[in-house]
Amino acid sequence: MAMTFAVGIPAPGGRLSTGAVRQLAHAAPPVDVSPPAARGESINALLAGLSVACAVVTERVHRRGAKAALHAGSSGRLTGSQASLVPAASAPPSTGTKAVAETAIATTDASASTAPAPVGDGALAFECETGNYHTFCPISCVSWLYQKIEDSFFLVVGTKTCGYFLQNAMGVMIFAEPRYAMAELEEGDISAQLNDYGELRRLCKRIKEDRNPSVIVWIGTCTTEIIKMDMEGIAPKLEAELGVPIVVARANGLDYAFTQGEDTVLAAMAARCPEIPLALPEAPKRAHAPLVIFGSLPDSVAAQLEIELKKQGITVDGWMPSSKYKDLPEVGEGVYVVGINPFLSRTAATLMRRRKCKLINAPFPIGPDGTRAWIEAICEALGIVPQGLAEREQQAWDSVKEYLEILDGKSIFFMGDNLLEVSLARCLARAGMTVLEVGIPYMDARYQAAELALLTKTCNEMGKPLPRIVEKPDNFMQVQRIKELQPDLAITGMAHANPLEARGINTKWSVEFTFQQIHGFTNVRDLFELVTKPLRRNKSLPSEWQTFVKSDAELTA
């Protein structure tokens, strides 16, 4: 295992849900378990049986069509949202299964080319398409967390592919000496010829001597998952030996989407937060219960949100993560916690279940309406009457009037990448846009219940149809729907931006919303600057430059 400081994306994967596995079991034909004459015949028979089962399941799922859509109840909780998962065949169908496979493919193409009508029956429609994550790699969370936690050191344990990705994604120069490194797995590590404990001990000892961090964070990748490296078992022993806290976070692309890398790190840190001491009888009475905010934001944005809360008489007792590891907030019974981003569901669950905190279920402070609702939810939980928030929200909307004129009446389509899609859709619906579809890699309907309720309320108040929410969307089917719906703007990953632009669809990279400061009242202008940029750019171009697509008449001439 070699460590490099010179620091593309692991192939995403997905696991079948219980419902999909059950469908496979029922669809698979009987298999003869008697010993075959040769091992090759056994493998061929197994692959043929699996191909038939997958083809049958695919045909059944697509035949159901709209019946597979799930509707959220009044509590915003989803049940069985994985049941419409479509498993992919692991091998080409054999001669005997060719007809079944062709039927399934034809059904898939037919359903993909049919553009769904936006749902407007008063309830959001939820679907789950492929079960795969088509997102940026979650180990990219290192790029902002190592800057936020100033006394930390991040060690990413993976292959050269992970190192290339980090170096290109972060763009850090060699002489900058960043506080992260790659522990590159070599053949000896993967084949278990080298001792994992010995190799990690050698690297961490060098990190302690060179950088002396307050905490070392190990980031697991796809490779450590596949070879079953026992990072959680090694860390406590090494921590006791070196005297440096070691936090283990598994930010692999097999189980997590882009921004969920931060969620795994914060969930691991939540277990390290000190316990809040019992209040002494003679201690002065507090104005309200302790409040801790979790989620990584630049210090300037965090300070702006604290100022808004102070105007309501609310004091923030701590942030997680904090700028210094030793300043992690005290948590425990009686402490209220609230999230800053919609992708932190695992952290919220850890704080509630393991640390016995009280979660404030609120929309997220993205856009003027979301920021107001976020502050109002905190005030309500702490027993404080909010003051002047309606006027503050209106001031924020008034500051972006020129952008609202551009967006009014336009349509938008979210392909799904960073889990900010529902919050952005709600904000842009309030700005006058029609949201056609919200693709999202992962949906925790309990953690985002307040956000989903506000999205529904906003669409109803603005007279807009409710969008479809598609979890783990199939990119091919999404492109077909975009072709049919022709949205004015598509928020998409970098892989699909240029192909869509070449077909006359305005696009914006979803990753830009992750790194841009878009939280709170004071950053509203930056948010709408991002959204309207492609529309303003095309408006300023000569008419003959506004599209790269030739008309059908020109193509047939």
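List of remarks:
- Verdict on Ala249 being among the hydrophobic types (A, V, I, L, M, F, W, C) and open to solvent by less than 20 Å² (accessible area, probe 1.4 Å): yes
Condition check ((1) over 30 Å from Ser510 (Cβ atoms); (2) modelled with pLDDT of 90 or more; (3) within 18 Å of the chain's Cα centre (by Cα); (4) open to solvent by 30 Å² or more (accessible area, probe 1.4 Å)) across all residues:
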site	(1), (2), (3), (4)
Pro274	yes, yes, no, yes
Leu297	no, yes, yes, no
Ile307	no, yes, no, yes
Gln312	yes, yes, no, no
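- Selection count where residues are touching a Leu at 6+ places or on another chain (Cβ under 9 Å), under 30 Å from Glu376 (Cα atoms) and open to solvent by 10 Å² or more (accessible area, probe 1.4 Å), scope segment 481-512: 1
- Subset of segment 339-361 (residues that are crowded, with 23+ Cβ neighbours inside 10 Å, out of contact with any Gly (no Cβ under 8 Å at 6 or more places or on another chain) and not in a helix (DSSP H, G or I)): Pro342, Phe343
- Note on segment 211-230: residues that are closer than 24 Å to Pro321 by Cα and surrounded by fewer than 19 Cβ atoms within 10 Å (Cβ to Cβ) amount to 3.
- Those residues of segment 275-313 which are touching a helix residue (DSSP H, G or I) at 6+ places or on another chain (Cβ under 9 Å), farther than 17 Å from Cys379 by Cβ, among the hydrophobic types (A, V, I, L, M, F, W, C) and assigned to a loop (DSSP other than H, G, I, E, B), in sequence order: Leu297
- Check on Ala268, in contact with a helix residue (DSSP H, G or I) (Cβ under 9 Å, 6 or more places away or on another chain) and either hydrophobic (A, V, I, L, M, F, W, C) or under 16 Å from Asn341 (Cα atoms) (or both): yes
- Selection within segment 468-480 - assigned to a helix (DSSP H, G or I) and crowded, with 23+ Cβ neighbours inside 10 Å: Gln478
- Test result for Glu376, open to solvent by 10 Å² or more (accessible area, probe 1.4 Å) and in contact with an Asp or Glu (Cβ under 9 Å, 6 or more places away or on another chain): no
- Looking across segment 384-407 at every residue that is assigned to a loop (DSSP other than H, G, I, E, B) and either polar (S, T, N, Q) or touching a strand residue (DSSP E or B) at 6+ places or on another chain (Cβ under 8 Å) (or both), the one that is nearest to Pro368 (Cα to Cα) is identified as Ser399.
- Check on Thr114, open to solvent by 50 Å² or more (accessible area, probe 1.4 Å), modelled with pLDDT under 85 and within 30 Å of Ala429 (Cα to Cα): yes
- Residue check for Ile149: buried (at least 16 other Cβ atoms within 10 Å of the Cβ), hydrophobic (A, V, I, L, M, F, W, C), more than 21 Å from Leu297 (Cβ to Cβ) and modelled with pLDDT of 90 or more: no
The values are calculated or read from the model by the stated rules, or taken from the named source; none is laboratory data. For clarity, every value in this text was computed on a predicted model and none was experimentally measured. Every residue, glycine as well, gets a Cβ built from its backbone with ideal geometry; the counts of neighbours run over all protein chains shown. Only protein heavy atoms, including side chains, enter the accessible area calculation; ligands, DNA and RNA are left aside. Shrake-Rupley method; radii C 1.70, N 1.55, O 1.52, S 1.80 Å.
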